[in-house]
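Here's the structure, in structure tokens; my notes come after.
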Protein chains: 2
Amino acid sequence: MKNFEKTTVAESARVELHDLLHLTGAEISVNSLPAGACVPFVHAHKQNEEIYAVLEGEGKAVIDGETVPLAAGDWLRVAPSAKRQLFAAEKAGIKYLCIQVKANSLEGYTAADALL
Amino acid sequence: MKNFEKTTVAESARVELHDLLHLTGAEISVNSLPAGACVPFVHAHKQNEEIYAVLEGEGKAVIDGETVPLAAGDWLRVAPSAKRQLFAAEKAGIKYLCIQVKANSLEGYTAADALL
């Protein structure tokens, strides 16, 4: 495998990066929901923590029955077992990242994992 | 630990999300370099794959001596052992995410890890 891999993500309803970038520690999707739309199912995960980043627009997440408003600049960690569903706002779409990683998989990081 | 955690990232040179969100599978930083600036060191990692996402602006990465141009919409996977350094362009700043995950830590994902 190459030491690095690059791709450019154009506007799209959903782009999944795992295979495009040959990721080994995460799956990352870039997602857009138009105003009034939602992910059409509630889901949880077996092992994976999900981290959501709102890039543009607004909407909400419903997590274990609790409503969490979302706007550009918001970041959200969701535990594997939490039942979640993402919604765009009624009058604005939402563009967001979803980063899936195995819960408790990170050991050292930043200075503790760096080689200078 | 709560089933979820939310934070809002304001404009800043660098925000690290691991502790803010109690992440367990990743460290994620949101970074801005002004025009003409660079990360002031070359580094590699012991275990962690890094994934860079360019949110705004332009610049370049130099990875094992190879120059990779970067612009908004670009995503880059960098293997742990690759020696890397990030630069803003001379005439434009760059805003980017850096996602650190343990290489080869991901098992199932998306449909294979989901509970509907």
Worksheet item: Which distances, shortest first and in nm, link B:His22 to the matching position in the other copies, using label points set 7 Å out along Cα to C-beta?
Response: 3.7
Practice prompt. List the GluC sites (Glu not before Pro) within the stretch B:60-116 that fall in a DSSP loop (any state other than H, G, I, E or B) and whose Cβ has at most 11 other Cβ atoms within 10 Å.
Written response: B:Glu90
Worksheet, complete the sentence: Of the convex hull drawn through the C-alpha atoms of the protein assembly as shown, the volume per residue in Å³ is 114
Worksheet, complete the sentence: Residue-normalised 222 nm signal for chain A, counting each DSSP H run of n ≥ 4 as -39,500 (n - 2.57), nearest 500 deg cm²/dmol, is -500 deg cm²/dmol
Worksheet item: What chymotrypsin sites (Phe, Trp or Tyr not before Pro) in the stretch B:1-93 are in a loop by DSSP, with at most 11 other Cβ atoms within 10 Å of the Cβ?
Response: B:Phe41
Discussion item. No solvent, one uniform scatterer per C-alpha: report log10 I(q)/I(0) for the stretch B:47-107 via the Debye equation at q = 0.17, 0.25, 0.26 1/Å, two decimals.
Written reply: -0.55, -1.02, -1.07
Practice prompt. Would you list, by chain and number, the lysines whose Cα falls below 17 Å from the Cα of B:Lys91, excluding same-chain residues fewer than 8 positions away?
Written response: B:Lys60
Discussion item. I need the inter-copy label distances for B:Thr67: point set 7 Å along Cα to C-beta, values in nm with one decimal, smallest first.
Written reply: 5.2
Discussion item. Using only the Cα atoms of chain B, what semi-axes does the equivalent ellipsoid have when each is the square root of 5 times a gyration tensor eigenvalue? Give whole Å, largest first.
Written reply: 26, 18, 13
Worksheet entry | In Hz, Karplus ³J(HN,Hα) per residue of the stretch A:35-45 (6.51, -1.76, 1.60; θ = phi - 60°; x = Gly, Pro) | 3, x, 9, 8, 5, x, 7, 8, 9, 10, 10
Fill in: In nm, spacing of pseudo-spin labels at A:Ala111 and B:Asn104 (7 Å Cα→C-beta vector)
2.9
Response to the item:
Axis carrying A to B; for chain A the Cβ-nearest residue and its rounded Å distance come to A:Ser105, 2
Worksheet item: Which far-off residues, 5 or more places away or on another chain, put their amide H under 5 Å from the one on A:Ala37, with H placed in the peptide plane?
Response: A:Ala88
Item to complete: Pop a pseudo-label 7 angstrom from the Cα along the beta-carbon direction at both B:Cys38 and A:Val42 and give the gap in nm to one decimal.
Response: 5.2
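Every read-out reported here was derived from the displayed coordinates using simple, explicitly stated rules and does not represent laboratory data. In this text the structure is predicted, and so the values were computed from the model without any measurement. Cβ sites come from the backbone with ideal geometry, for glycine too, and all protein chains shown count toward neighbours.
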